[in-house]
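First up is the structure itself, then whatever we jot down about it.
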Amino acid sequence: MSTMKRTLIVGNWKMNLNTHEASLLVKRLDDQIPIHRDIEIVLAPPMLTLQPVSQQIDRRKFRLAAQNAYYRDEGAFTGEVSFTMLRDLVHYALIGHSERRIYFHETLEIVRDKVQAAVRNEIVPILCVGESKHERLAGEAKRVVHDQVTTALSNLTPEEAEQVVIAYEPVWAISTFGGSEPAKPDEIHAMIKWIRHLLKEAYGEQASEDMRVIYGASVDAEFVGDILGLDGVDGLLPGAASLNYHKFADIVEAAYRQRQSMEESDG
Ligand code: PGA
């Protein structure tokens, strides 16, 4: 059951913080956040700071994610960094974030190839999917998410696909695209249910329950209880709030409290 999984909280720092600033943030997060056995906290700093941050973090508390990488393993691809180069540095990689799809024109096929390259290099993909405002208004949201999920996983074996984390991030609710608060709980619930349905069609009921599906877009501590209380939501992917150590620590704390209240009500 999804309630038994560790809650996954992934902080996407995007293109913010130099090495010094990153180090300060890690220090503050370390001071603020205790070890929670049932919560897995992942930091996604910019590529440049991954190495120093990896040497600084308490690995009992934090894991790392890359925000992106290139799908070829090595060669004449000036300016790129491969998943192969990251394999001993990170557990996870964000793949298909809407900023990459929109600003860097990453197609469904590029995202698919990146997912495959991550898996080939033993890095767990956090596959970001989500519709734009225009697509939602046109009644296309489910189809868009369907295409993003099924294409991205299409070159994986079922065993490989079952390791992938899927992050539902409605583009219209992301702070950098003008969102000021998360999607409504019923909107999140409906789309997460749809994603689990797609996973069930492809990999069966057990796999679809076991796979981790998380929510991102304008996540702040005040919304954590409502979102994590939804059936089928296994974690959160805050962006802007992850750069503020008070806010990020509050999100972790709220996730911890929400989990405790769920465990109490379970018996
Ligand atoms: P936000 O970003 O929390 O600032 O909306 C989330 C994301 O883009 O991953």
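Can you pull out every residue in the stretch 180-196 that is surrounded by fewer than 19 Cβ atoms within 10 Å (Cβ to Cβ) and farther than 11 Å from G232 by Cα?
S180, E181, K184, P185, D186, E187
Can you name the number of the only condition in (1) more than 16 Å from the ligand (Cβ to nearest atom); (2) outside any helix (DSSP H, G or I); (3) not hydrophobic (A, V, I, L, M, F, W, C) that Q206 fails?
(2) is the only condition that Q206 fails.
If you go through the stretch 169-196, how many residues are within 11 Å of the ligand (Cβ to nearest atom) and not in a helix (DSSP H, G or I)?
9
Restricting to the stretch 91-106, what's the tally of residues that are without any contact (Cβ under 8 Å) to a residue 60 or more places away in the chain, outside any helix (DSSP H, G or I) and of a type outside the set (G, A, S)?
Residues flagged as without any contact (Cβ under 8 Å) to a residue 60 or more places away in the chain, outside any helix (DSSP H, G or I) and of a type outside the set (G, A, S) within the stretch 91-106 amount to 5.
Just to check your reading of the model, which residue among E135, E131, E201 is in a loop (DSSP other than H, G, I, E, B) and on the phi < 0 side of the Ramachandran plot?
Step by step, each of E135, E131, E201 is checked, and only E131 is in a loop (DSSP other than H, G, I, E, B) and on the phi < 0 side of the Ramachandran plot.
Output the number of residues of the stretch 209-239 satisfying the condition of being surrounded by fewer than 20 Cβ atoms within 10 Å (Cβ to Cβ) and outside any loop (DSSP other than H, G, I, E, B).
6
Let's see how each residue does on (1) farther than 19 Å from M191 by Cα; (2) in a strand (DSSP E or B); (3) within 17 Å of the chain's Cα centre (by Cα); (4) among the basic types (K, R):
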{"site": "D58", "(1), (2), (3), (4)": "yes, no, no, no"}
{"site": "R72", "(1), (2), (3), (4)": "yes, no, no, yes"}
{"site": "T78", "(1), (2), (3), (4)": "yes, no, no, no"}
{"site": "M85", "(1), (2), (3), (4)": "yes, no, no, no"}
{"site": "R112", "(1), (2), (3), (4)": "yes, no, yes, yes"}
{"site": "V115", "(1), (2), (3), (4)": "yes, no, yes, no"}
{"site": "A118", "(1), (2), (3), (4)": "yes, no, yes, no"}
{"site": "E122", "(1), (2), (3), (4)": "yes, no, yes, no"}
{"site": "L127", "(1), (2), (3), (4)": "no, yes, yes, no"}
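Filtering the stretch 146-168 down to residues that are touching a residue at least 12 places away in the same chain (Cβ under 8 Å), over 12 Å from R112 (Cα atoms) and in a helix (DSSP H, G or I), which residue is farthest from the ligand (Cβ to nearest atom)?
Applying the filter and picking the extreme gives P158.
Six or more apart or on different chains, Cβ atoms under 6 Å: show the pairs whose first residue is in the stretch 218-229 and at positive phi and whose second is near the ligand (Cβ under 10 Å from one of its atoms) and not in a loop (DSSP other than H, G, I, E, B).
Taking only residues 6 or more apart or on different chains, the pairs are S218/A173; S218/S175.
Restricting attention to the stretch 1-55, which residues are of a type in the set (A, V, I, L, M) and assigned to a loop (DSSP other than H, G, I, E, B)?
Answer for the stretch 1-55, where residues must be of a type in the set (A, V, I, L, M) and assigned to a loop (DSSP other than H, G, I, E, B): M1, M15, L17, I33, I35.
Provide a single number: the residues in the stretch 107-145 that are of a type in the set (K, R), in contact (Cβ under 8 Å) with a residue 24 or more places away in the chain and over 23 Å from Q67 (Cβ atoms).
Number satisfying all stated conditions: 3.
Specify which of the listed residues (S261, S218) is within 16 Å of the ligand (Cβ to nearest atom) and of a type in the set (S, T, Y).
Checking each option against the conditions leaves just S218.
Values quoted throughout were computed directly from the atomic coordinates according to the rules given, and no laboratory measurement underlies them. What you are looking at is a predicted structure, and each value in this text was computed from that prediction instead of being measured. A quick note on method: Cβ atoms are made from the backbone with ideal geometry, for glycine too, and the neighbour counts reach across all protein chains shown.
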